[in-house]
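Just below is one structure, and these are the notes that go with it.
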Amino acid sequence: VVPRGAGTGLSGGSLPLHGGIVLCLNRMKRLLSVDTANLTATVEPGLVNAHLQAALARHGLFYPPDPASMKVCTLGGNVAEDAGGPKCFKYGVTRNYVLGLEVVLADGEMIHTGGSVVKNATGYDLTRLFVGSEGTLGIVTQMTLRLLPLPRGKRTMLALFDALDTASRAVGAIVEAGIVPSALEMMDNLLIRCADDFVHVGLPTDAAAMLLIEVDGAEEGLDAQVQQIRAICREEGVSEFRAASSPAEVDALWLARRTVIGAAGRVRPSLVLQDVTVPRSALPAMVARTQQVSQQYGLPVGVLAHAGDGNLHPITLFDARDPDEMRREKEIERALFAAALELGGTLTGEHGVGFCKRDYVPLQLRQREVALNAGIKALFDPEGILNPGKIIA
């Protein structure tokens, strides 16, 4: 039994590997309740992330996890993968916002974990165990989510740099200054050109790198934060800095960021999007390693990153019909994973393991840790019928 929502996952988590039943949950799409007193929403797994956001906005609320695919991805899939997004640097990932779950286990029994309370220390935290389990432990049929009030103001900025490593260093400098942007995104020249060729929003296609920076909160103090960020970027060698002057300009910048993966797919017949995360202080080193790997194997690798939290999404462009390019893409994949782990990072920050990274898990987890993961799977699913072949080989 393989649970499936919108199928937008990026690690093969919803693909059936061993036959059986694909259980599509995207028609279970009701927003069951919005509790404004307790700042919670109860939803079904097929509800699209953006549809929830639109409904919450009418109450002056929002649900922070915002994957780039938020207009089409479902909340059940977000829970299964512990999805992230641009706002996760400030606000955290899906796991930080799931208070309770209704789950159908492998034997058909239904259980409820957590609830609508913020504090709950009774027993083991089964709710967090299910979040990110990719449908291998149970089928989530209902979620209670924690909400926040919409920020009263925000400012969106674009910072351009003549070198990618300079942009990487600016990220660290902003955070070291005590500023926590709601979003701090990075794109290299290859992806800037891909995005602007696709959406035509006037991105500076001669820039080596750009940072898309957003701060939010009370109106008082936001302009001062913009000026502080401007000064930091100037010290780090920014070539151009500008603050968006209208909602239309803000929307255009975010359209370019949220569609860049699809835009890159127009350049070559095939692409692979990775999801490695390193400590933020190691971001410049990981960016440099990515560029070196691209040069070594002779394939373009675009650098896209939730730079604020060290989560990189290198995009390798190639032709899967060419055996040599396919071989080189796999070498790039292995080299990127090795570099991330060497720098103290992880194989995946928000896309999950699925089957695409399953064979690499022993590179990060020791034998005992792999065995404990397998033991948890066996406890919840002794017959191995739930999404077999994912996470643990």
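The values are calculated or read from the model by the stated rules, or taken from the named source; none is laboratory data. Everything quoted here is computed from the prediction, not taken from an experiment. Cβ coordinates were reconstructed from backbone atoms using ideal geometry, including for glycine residues, and neighbour counts include every protein chain displayed. The area values use the complete protein model at the heavy-atom level, side chains included, leaving out ligands, DNA and RNA. Shrake-Rupley method; radii C 1.70, N 1.55, O 1.52, S 1.80 Å.
Ranking 306, 320, 374 by how far each Cα lies toward the positive end of the dipole of region 306-378 (charges on Cβ) leaves 374 at the top.
Only DSSP H runs of four or more residues enter the estimate; each adds -39500 (n - 2.57), and after division by the residues of the chain the mean residue ellipticity at 222 nm equals -10000 deg cm²/dmol.
Under the criterion of Cα pairs below 8 Å and six or more residues apart, the relative contact order for region 255-393 equals 25 percent. For residue 228 and residue 251, what does the FRET efficiency come to when R0 = 30 Å and r is the distance between their Cβ atoms, rounded to the nearest 0.05? Using R0 = 30 Å, I get an efficiency of 0.75. Sketch the reach of a paramagnetic label on residue 292 as a point 7 Å from Cα along Cα-to-Cβ, and name the residues of region 337-365 whose backbone nitrogen lies under 18 Å away. Hits in region 337-365 for residue 292 at 18 Å: 337-346. Mind giving me the FRET efficiency for residue 150 and residue 180? R0 is 30 Å, r the Cβ-Cβ distance, nearest 0.05 is fine. Efficiency for this residue pair is about 0.95. Model label sites at residue 109 and residue 205, defined 7 Å from Cα along the beta-carbon direction, differ in position by 6.1 nm. Around the amide H of residue 244, modelled in the peptide plane, lie the amide H atoms of 156, 157, 158, all under 5 Å away and 5 or more residues distant in sequence or on another chain. For region 312-379, the carbon plus sulfur part of the accessible surface works out to 57%, probe radius 1.4 Å.
From most to least packed by mean Cβ count within 10 Å, the peptides 179-186, 340-347, 385-392 give 179-186, 385-392, 340-347.
May I ask you to work out the translational diffusion coefficient for region 224-293 at 37 °C, viscosity 0.692 mPa s, via Stokes-Einstein with Rh from the Kirkwood sum over Cα pairs, reported in whole µm²/s? Value of D from the Cα-based Kirkwood radius: 212 µm²/s. Beta-bridge orientation, the chain: approximately 95 percent antiparallel, per DSSP, counting only bridges with both partners inside. Rolling a 1.4 Å probe over the protein heavy atoms leaves residue 144 with an accessible area of roughly 20 Å². Each of 76, 98, 50 was placed along the dipole of region 33-127 (beta-carbon charges, centred on the mean Cα), and the one lying farthest toward the positive end is 50. Ranked by the mean number of other Cβ atoms within 10 Å of their residues, highest first, the peptides 119-127, 105-113 come out as 105-113, 119-127. Diffusion coefficient of region 145-198 by Stokes-Einstein, Kirkwood radius over Cα pairs, 37 °C, 0.692 mPa s: 240 µm²/s.
The distance from the alpha carbon centre of region 172-214 to that of region 250-303 is 12 Å, rounded to a whole number. Scalar couplings 3J(HN,Hα) for region 234-249, obtained by applying the Karplus form with A = 6.51, B = -1.76, C = 1.60 to θ = phi - 60°, are 5, 5, 8, x, 4, 8, 7, 9, 8, 9, 4, 9, 8, x, 5, 5 Hz; x denotes Gly and Pro. Based on alpha carbons, the Rg and Dmax found for the chain are 21.0, 60 Å. Across region 259-393, Cα-Cα pairs farther apart than 24 Å form 35% of the total. Given their separation in residues at 0.36 nm each and the Cα-Cα distance between them, residue 124 and residue 363 gain 83.3 nm when the chain is fully extended.
Residue-wise HN-Hα couplings along region 225-231, as the Karplus relation 6.51 cos²θ - 1.76 cosθ + 1.60 with θ = phi - 60° gives them from phi, are 5, 4, 5, 5, 5, 4, 5 Hz; Gly and Pro carry x. Backbone phi angles across region 82-89, fed through the Karplus curve with coefficients 6.51, -1.76 and 1.60 (θ = phi - 60°), yield HN-Hα couplings of 6, 5, x, x, x, 7, 6, 4 Hz in residue order; Gly and Pro are listed as x. Computed from the Cβ-Cβ distance with R0 of 25 Å, the FRET efficiency linking residue 239 to residue 341 stands at 0.15. Global size of region 17-104: 13.4, 46 Å for Rg and Dmax (C-alpha atoms, Rg to one decimal, Dmax whole).
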